[in-house]
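The values are calculated or read from the model by the stated rules, or taken from the named source; none is laboratory data. Keep in mind that what you see is a predicted model, and the values were worked out from it rather than measured. A quick note on method: Cβ atoms are made from the backbone with ideal geometry, for glycine too, and the neighbour counts reach across all protein chains shown. The accessibility values were calculated without ligands, DNA or RNA, using every heavy atom of the protein model including side chains. Shrake-Rupley method; radii C 1.70, N 1.55, O 1.52, S 1.80 Å.
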Amino acid sequence: MKKENVRCPMCGTMNYDVDLDETGGWTKCRLCKTVTCSMEEWKKHTVSVPVLSEKQLVARSMIRK
């Protein structure tokens, strides 16, 4: 049982002595109550999604017509 300090990605609050093995990597922030997964194994499976502006969306829709 290894306890770690985990910073909340939403509000930046440090959550002390979190047992990530017991919770499967999930943490509930003590301040904002956001539930996040902080295990490195899960981070390997994340995918970046591009955020497009309205101008880029219009340009892409014109190309496909």
*asked:* If I ask for residues that are of a type in the set (V, I, T) and within 9 Å of S38 (Cα to Cα), which ones from region 2-28 would you list?
replied: V6, T27
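Hey, can you tell me all the residues within region 35-65 that are part of a helix (DSSP H, G or I) and modelled with pLDDT of 80 or more?
Taking region 35-65 and keeping what is part of a helix (DSSP H, G or I), we get 40-43, 54-64.
E54, K55, Q56, L57, V58, A59, R60, S61, listed by residue number.
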*Note down all Cβ pairs under 7 Å where the first residue falls in region 1-17 and is under 12 Å from L31 (Cα atoms) and of a type outside the set (D, E), the second is outside any loop (DSSP other than H, G, I, E, B) and open to solvent by 100 Å² or more (accessible area, probe 1.4 Å), and they're at least six residues apart or on different chains.*
M14/R7
*asked:* Against the conditions (1) in a loop (DSSP other than H, G, I, E, B); (2) open to solvent by less than 100 Å² (accessible area, probe 1.4 Å); (3) at pLDDT below 90, where does C32 fall short? Just the number, please.
replied: (3)
_Residues of region 6-15 classified as open to solvent by less than 90 Å² (accessible area, probe 1.4 Å) and part of a strand (DSSP E or B), total_ = 3
